[in-house]
Amino acid sequence: MRTTMLAVVMVTLCVMMVDADVKPQKDFNLQRFAGRWYRLGLAYDSPSFVPFRSKLRASMGLVTAMPNGNVNLTMWELTPLGCVTQVYNYERTNVAGQFSYFSTRHNMVKDITVVDTNYSEYAVVLKHKVFNREYTQVALYGRAQTARVDVLQKFKAFALSQHFPKESILTPPPAENCPSSRSG
């Protein structure tokens, strides 16, 4: 019992230290961040995701800033069933650039941090939560469907700094006709 408790405390402290090292974009401005984004890169090492890696396509999202500081994110993703729309409601926290949202897929609250953005070209975003195991995902968003090489390198370097294996860092091709021109 004592060993188990010590192990839980140590894991919690390690997770808090890793998470504490990731700071949001300095002077984050939600109004400048709002608008259309494409998910151009993803770092995710979940074993259950491996079979789907080759099927992943860049998706498009629309970030809408709400008057209370929360965010609505509408994402269009190409799946085997076609183009699917999902809406996420991110709640602001006391720290600008950090949000939380309830994941219906995992049935829990997750943390979102906008780590780095220049607002007009790219954003690096970290999703983080601890449950049965630590869940972390890094995404690269761009205002266009392609990104400069140095932006891709910045994203990959950040993902590697978060201990993602090189093979779990993806830059998928664009999704064709998702959303259709009348949806987005």
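Select from the stretch 34-72 the residues that are over 20 Å from GLU167 (Cα atoms), open to solvent by 30 Å² or more (accessible area, probe 1.4 Å) and among the β-branched types (Val, Ile, Thr) and list them in ascending order. Correct list: THR64 only. If you go through the stretch 43-55 one residue at a time, do you hit one that is part of a strand (DSSP E or B) and at pLDDT 90 or above? Within the stretch 43-55, one or more residues are part of a strand (DSSP E or B) and at pLDDT 90 or above. Residues in the stretch 161-172 that are more than 15 Å from the chain's Cα centre (by Cα) and over 18 Å from PRO51 (Cβ atoms): SER161, HIS163, LYS166.
Can you confirm whether LEU78 is of a type in the set (A, V, I, L, M, F, W, C), closer than 29 Å to ARG148 by Cβ, open to solvent by 20 Å² or more (accessible area, probe 1.4 Å) and assigned to a strand (DSSP E or B)? It is true that LEU78 is of a type in the set (A, V, I, L, M, F, W, C), closer than 29 Å to ARG148 by Cβ, open to solvent by 20 Å² or more (accessible area, probe 1.4 Å) and assigned to a strand (DSSP E or B). Among the residues here, ASN118 does not qualify as surrounded by fewer than 12 Cβ atoms within 10 Å (Cβ to Cβ) and at positive phi.
So that you can scan it fast, the table gives a plain yes or no per residue for (1) under 18 Å from TRP37 (Cβ atoms); (2) at pLDDT 90 or above; (3) among the hydrophobic types (A, V, I, L, M, F, W, C):
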site: ASN107; (1), (2), (3): no, no, no
site: SER120; (1), (2), (3): yes, yes, no
site: TYR135; (1), (2), (3): no, no, no
site: ALA157; (1), (2), (3): no, yes, yes
site: LEU170; (1), (2), (3): yes, yes, yes
site: GLY184; (1), (2), (3): yes, no, no
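Within the stretch 70-88, residues that are over 16 Å from PRO172 (Cβ atoms) sit with their Cβ atoms under 7 Å from residues that are open to solvent by 30 Å² or more (accessible area, probe 1.4 Å) and of a type in the set (Lys, Arg), at 6+ positions apart or across chains, in these pairs: ASN70/ARG92. Here HIS128 meets the list (1) assigned to a strand (DSSP E or B); (2) open to solvent by less than 20 Å² (accessible area, probe 1.4 Å); (3) farther than 18 Å from PHE28 by Cα; (4) modelled with pLDDT of 90 or more almost entirely, failing just condition (4). With the requirement that a residue be open to solvent by less than 40 Å² (accessible area, probe 1.4 Å), small (Gly, Ala, Ser) and without any contact (Cβ under 8 Å) to a residue 40 or more places away in the chain, what does the stretch 143-184 give you? Scanning the stretch 143-184 gives no hits. Only a single item in (1) in a strand (DSSP E or B); (2) modelled with pLDDT under 95; (3) surrounded by 18 or more Cβ atoms within 10 Å (Cβ to Cβ); (4) of a type outside the set (Phe, Trp, Tyr) is not met by LEU140, and it is number (2).
The values are calculated or read from the model by the stated rules, or taken from the named source; none is laboratory data. These numbers were taken from a predicted model, which means no experiment stands behind them. Cβ coordinates were reconstructed from backbone atoms using ideal geometry, including for glycine residues, and neighbour counts include every protein chain displayed. When the accessible area is computed, the model is the full protein with side chains, heavy atoms only, and any ligands, DNA or RNA have been set aside. Shrake-Rupley method; radii C 1.70, N 1.55, O 1.52, S 1.80 Å.
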